[in-house]
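Q: Following this message is one structure expressed as structure tokens.
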Amino acid sequence: MSNSNIFTKHPNEVKMSYLQHTRFALMLSRKTFICALASLIHAFFPFLFVTHTSSTIRKLQNIFDQRL
């Protein structure tokens, strides 16, 4: 497949295969979805998930920093 393929253009730009990019994006999606749910619950029950969002964001930032 050429670099102009709409399914592989972006993954190639970030030096990943299509499958690697899919796995990475799904991992991010899962982590941010769980984080969003925890934040929603925390909004109404502030004694629950007190540090979950901030610690998840730090972990995700570390993941992105390691990719550079």
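Q: What do you reckon, is ILE41 over 16 Å from ARG67 (Cβ atoms), at pLDDT 95 or above and in contact with a Phe, Trp or Tyr (Cβ under 9 Å, 6 or more places away or on another chain)?
A: When the stated conditions are applied, ILE41 passes them.
Q: Output the residues belonging to the range 13-48 that are more than 13 Å from the chain's Cα centre (by Cα) and of a type in the set (A, V, I, L, M, F, W, C).
A: The answer is VAL14, MET16, LEU19, LEU37, ALA38, LEU40, ILE41, ALA43, PHE44, PHE45, PHE47, LEU48.
The values are calculated or read from the model by the stated rules, or taken from the named source; none is laboratory data. Here the structure is a predicted model, which means the values were calculated and not measured. No Cβ is skipped: glycine too gets one built from the backbone with ideal geometry, and neighbour counts run over all protein chains shown.
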